[in-house]
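Scroll down for the structure; my scribbles are underneath it.
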Amino acid sequence: MPAILRPAIVLLLLMTALTGLAYPLLITAVAQVLFPSQAAGSVVLRGGRAVGSALIGQSFSDPGHFWGRPSATAPQPYNGTASGGSNLGPLNPALADAVKARIEALRTADPAGAVKVPVDLVTASSSGLDPEISLAAADFQAPRIAQARHTSVGAVTALIEAHARGRVLGFLGEPRVNVLELNLALDGSR
Amino acid sequence: MVPSTLALAAVVLALALLLAKPLGLYIANVMEGRPIWALRLGAPLERLVYRLCGTDPNAEMGWKGYAIALIVFNAFGALALYALQRLQLWLPLNPQHFANVSADSSLNTAVSFITNTNWQGYSGESTMSYLTQMAGLAVQNFLSAATGIVVAIVLIRGFARRNATGVGNFWVDMTRVTLYVLLPISAVLALVLVWQGVPQNLSAYKDVTTLERVDYEQPKTDAAGDPVKDAAGNPVLEHASTQTQSLPMGPMASQEIIKELGTNGGGFLNANSAHPFENPTPLSNLLEMVTILLIPVALTYTFGRMVGDTRQGWAILAAMVILFAGEFWIAASNEQAGNPQLATLGVDQAPGPLQPGGNMEGKEARFGIGASALFATITTGTSTGAVNASHDSFTPMGGFVPLFNMMLGEVIFGGVGTGMYSMLIFAVVGVFIAGLMIGRTPEYLGKKIQAFEMKMSAISILVMPLLVLVGTAIAVMLSTGQSAVANPGAHGFSEILYAFTSASNNNGSAFGGLSANVPFYNVALALCMWLGRYWPIVAVLAIAGSLAGKARVPVSSGTMPTHGPTFVFLLIGTVLLVGALTFVPALALGPIVEHLMMWGG
């Protein structure tokens, strides 16, 4: 038995040192040099102040801002330390109720809005921190934002187009736009 | 099905298949100890490891010695991981001052990570210190992957060797696989992930001031921190408001990549690969999917190479690709069809140039339908269990695919090593059935398949259904089992069935609504993970030992070829037949009845 115990313990210790300490610390060091911004969480600065991460969504409810995906994190939406989805099944009545309430809120904010609501604007993301919405969801909100900011719908859709991301090579990614990026641009142009 | 969805699947498969030969050849060279440059470069380090271990690298082990070494080594890994979690508050690299993890949760997580399951009852960003993540969880991501690979290699040696008593040296195999395969690939690809935006640091969580103030309700707590309840026993809510968002930090990229490469699946963060920090872009998503497939696909070539006939490996791979295509088609088309319940509310679910459409509940905008359905098919066809969307919120048949993938024993590419050895067991069963049907002596790769091999194959295949069905049956009968369910009706049953299927197959993905971080599930699922892992491993090693000792039967006119289309379909038939016969009743009570309810009204 000692013929097995010694290599078992020693190999575990050596591998822990190698894969559990040396490897992550080396990657950390190289990452700091090559990609310092990404390694630190892609933090967005505005006037020297950290206002968020380019990769992490925030909660918006001001009619003059673009709204992001509904977030199922608790207790508050877009809680950075409690990622997760709603896990509601497709036939769960709670899902239909939640979607109904979100459509209601969008209609209240913009009674003259389009008849059909893009699906991603009324369904919760898997992470609860989705930073992006589809272009359809952004376009849907353009009239409301134009009205709240006393500008033309054309100006808002032009902003969406300027920040839009599409399918790279026709298959990689979905048509979408970063909500924080859009709202920072809106606030900056005010 | 949308063209971009098909194109994405084709590109991911093509990349994995293109890399199969070079990587498979490299793995074969490493495991056979050929003097390639990597091994010459690492030789001094290897010699040091063996000297410190006090082991002779040239000493061959029999299958029993190999099995004992494997289990003892894994048991120490579990102990170390358990201890790290229980003591993390007093250890360094814990900037958020996370408390020590509870005993039952630590047990569950320790077993979960040594068995390559990575079922996560806990929420990473609010539970685990950086030290526990790096030196505990990530280490087992490497070692459990290495364990799976060496078992597959031993089985392959069983077919390749003649009249041999030894099957290899466990310490050497583990060292080589980690040193020459897992570590270098991880190191390179981790940096690609950082480039795409995955954080990699040791800083405390970063607080940022958001653009808008958020008003919300939260449960009221008393001075002791316990929730206040009203007369009816419901928690009292109080109003709260914040303009601060706390961003989780940590050494994520280094852990993220081995989580995929080792088909582990245990995320740094609760939302796993759906979290924009773990999987920030469509490109990182592509990379993660290809990385999951890399080793399982390459091992089919390693197999062909080591048994001296690469056509044998391509045949196995062909069966996997055909099964994969079918499963992916079901998942993608059902997710794209969307949810009829939402359509009646005036929700636009049609795909177009401005949106992916479909069932977007529990999916990320950057992945849409195609990349989510593809990830789900890949993560459960292999034993990964990483998720980039909430499987619990999939349509019934979209959720059926991950469930059925696991029920087939995770052989659609399969986990690193586990997929290869599980598929070879099905091949052994397949040639045995074919032999019975046509009256030929069953043999595979020149080795006679006899009573001992069949007994061990049956043991290896049957333990998983036993654990899944008995475990699910017990859970649905107990009130503590039922009360963890989040969704009503058939979907709630699917949640429990999924949990036991995932644990017994060492997958780790979940229908996440199930509140499984309670003593009953922590212990029951730990048991399933342990038995579902080591029972088949011991049986496979026994088969390997028995095969290695046999002579090779020369090919004759009575030999059934095992590299042509006939064999491929025999293999697919065996996999589907065993899986379907075992699980159709359970599936009918879950996703199938839910599907009929959704579309039948």
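The values are calculated or read from the model by the stated rules, or taken from the named source; none is laboratory data. Quantities reported herein were computed from a predicted structural model and do not represent experimental measurements. Note that each Cβ is placed from the backbone with ideal geometry, even for glycine, and that neighbours are counted across all protein chains shown. Side chains are part of the model used for accessible areas, which takes the heavy atoms of the whole protein and leaves out ligands, DNA and RNA. Shrake-Rupley method; radii C 1.70, N 1.55, O 1.52, S 1.80 Å.
Mind checking the per residue accessible area of chain B for me, 1.4 Å probe, whole number of Å²?
Accessible surface, normalised per residue, equals 32 Å².
Across the Cα atoms of segment B:91-235, what radius of gyration and what greatest pairwise Cα-Cα distance (Dmax) are found, in Å?
My reading of the Cα-based Rg and Dmax gives 22.6, 76 Å.
So which trypsin sites (Lys or Arg not before Pro) in segment B:111-212 are both in a DSSP loop and have at most 13 other Cβ atoms within 10 Å of their Cβ?
Here the trypsin sites (Lys or Arg not before Pro) that fit, given the DSSP loop and packing criteria, are B:ARG162.
When the accessible area of the protein assembly as shown is split by element with a 1.4 Å probe, what percent falls to carbon and sulfur?
Roughly 66 percent, rounded to a whole number.
Taking just the alpha carbons, could you work out the radius of gyration and Dmax for segment B:207-247, both in angstroms?
Rg then Dmax for segment B:207-247, in Å: 13.3, 39.
Taking the alpha-carbon distance from B:LYS220 and a cut-off under 20 Å, which lysines remain once sequence neighbours fewer than 8 residues away in the same chain are dropped?
B:LYS229
Which residues in segment B:451-467 place their backbone N less than 20 Å from a point set 7 Å from the Cα of B:LYS64 along the Cα-to-Cβ direction?
Output list for this probe position: B:451-457, B:459-460.
With +1 on the Cβ of every Lys and Arg and -1 on the Cβ of every Asp and Glu, and nothing else charged, how large is the dipole of segment B:207-247 about its Cα centre, in debye rounded to the nearest 20?
That gives a dipole near 20 debye.
Could you tell me which residue out of B:ALA376, B:ALA365, B:THR300 lies farthest along the dipole of segment B:294-425 toward its positive end? Charges go on the beta carbon: Lys and Arg +1, Asp and Glu -1, centred on the Cα centre.
Farthest along the dipole direction, towards plus: B:THR300.
At what distance in angstrom do the alpha carbon centres of segment B:361-413 and segment B:294-352 lie from each other?
Using only Cα atoms, the two centres lie 10 Å from each other.
Throw me the Rg/Rh for segment B:204-296, computed over C-alpha atoms with Kirkwood Rh, two decimals.
On the Cα set of segment B:204-296, Rg over Rh gives 1.17.
Can you tell me how segment B:470-601 classifies by the Cα gyration tensor, rounded, prolate or oblate, using a/c under 1.5 as the rounded cut?
It is oblate, given that a/c is not under 1.5 and a/b is not larger than b/c.
Using a 1.4 Å probe on protein heavy atoms, which residues of segment B:198-238 have at least 50 Å² less accessible area in the complex than alone?
Output list: B:GLN200, B:THR209, B:LEU211, B:GLU212, B:VAL214, B:TYR216.
For a paramagnetic label modelled at 7 Å from the Cα of B:VAL188 toward its Cβ, which residues of segment B:241-261 fall within the zone defined by backbone nitrogen distances under 15 Å?
Hits in segment B:241-261 for B:VAL188 at 15 Å: B:258, B:261.
For the charge dipole of chain B, defined by +1 on Lys and Arg C-beta atoms and -1 on Asp and Glu C-beta atoms about the Cα centroid, which residue among B:ILE572, B:THR5, B:PHE113 has the Cα displaced farthest towards the positive pole?
Final value for the positive-end residue is B:ILE572.
Pull out the extension gain between B:PHE452 and B:LEU45, defined as 0.36 nm times the separation in residues minus the alpha carbon to alpha carbon distance; nm, one decimal.
Fully extending the segment from B:PHE452 to B:LEU45 adds 142.5 nm.
In Å², and per residue, what accessible area does segment A:41-188 have when probed at 1.4 Å with the other protein chains present?
In whole numbers, segment A:41-188 has 35 Å² accessible per residue.
To the nearest 0.05, what FRET efficiency results for B:LEU87 and B:ALA231 with a Förster distance of 45 Å applied to their C-beta separation?
0.60
Using a 1.4 Å probe on protein heavy atoms only, how many Å² of accessible area do B and A hide from each other, summed over both chains and rounded to 100?
Chains B and A together bury approximately 8700 Å².
Once you charge only the Cβ atoms, +1 for Lys and Arg and -1 for Asp and Glu, what is the size of the charge dipole of segment A:1-132 about its Cα centre, to the nearest 20 debye?
220 debye
If each DSSP helix of 4+ residues adds -39,500 (n - 2.57) and the sum is divided by the residues in the protein assembly as shown, what number results at 222 nm, nearest 500 deg cm²/dmol?
Rounded to the nearest 500, the figure is -18000 deg cm²/dmol.
Equivalent ellipsoid semi-axes for the protein assembly as shown, as square roots of 5 times the alpha carbon gyration tensor eigenvalues: give them largest first, rounded to whole Å.
For the protein assembly as shown, the ellipsoid semi-axes come out as 45, 29, 25 Å.
How many angstrom lie between the C-alpha centres of segment A:13-49 and segment B:471-547?
Segment A:13-49 and segment B:471-547 have Cα centres separated by 35 Å.
Excluding residues on the same chain fewer than 8 positions from B:LYS447, give the aspartates and glutamates whose Cα lies under 15 Å from its Cα.
Partners found: B:ASP309.
Say R0 is 60 Å: what FRET efficiency, to the nearest 0.05, do A:ASP97 and A:LEU13 get from their beta-carbon distance?
The calculated FRET efficiency here is 0.65.
Please find the FRET efficiency linking B:VAL584 to B:ASP56, where r is the Cβ-Cβ separation and R0 is fixed at 51 Å, and quote it to the nearest 0.05.
0.50
Scan around B:GLY168 for amide H atoms under 5 Å from its own, H built in the peptide plane at 1.01 Å from N, and keep only partners 5 or more places away or cross-chain.
B:MET61
Past 30 Å, Cα to Cα: identify those pairs from B:LYS64/B:LYS448; B:LYS259/B:LYS455; A:LYS100/B:LYS206, in the order given.
As for pairs spanning more than 30 Å Cα to Cα, those are B:LYS259/B:LYS455; A:LYS100/B:LYS206.
Can you classify segment A:41-188 as rounded, prolate or oblate using the Cα gyration tensor, where a ≥ b ≥ c are the square roots of its eigenvalues, rounded means a/c under 1.5, and otherwise it's prolate if a/b beats b/c and oblate if not?
Since a/c stays below 1.5, the shape of segment A:41-188 is classed as rounded.
Where a ≥ b ≥ c are the square roots of the eigenvalues of the C-alpha gyration tensor, would you call chain B rounded, which needs a/c under 1.5, or, failing that, prolate if a/b is larger than b/c, or oblate?
In terms of gyration-tensor shape, prolate.
Please give the charge dipole size of the protein assembly as shown, origin at the Cα centre, charges +1 on K and R Cβ atoms and -1 on D and E Cβ atoms. Round to the nearest 20 debye.
Dipole magnitude for the protein assembly as shown comes out near 2440 debye.
Please report the spacing between the Cα centers of segment B:188-258 and segment A:60-119 in Å, no decimals.
That distance is 19 Å.
Using 7 Å Cα-to-Cβ label points, what is the A:ARG6/A:LEU45 separation (nm, one decimal)?
Between A:ARG6 and A:LEU45, the simple spin-label model gives 5.6 nm.
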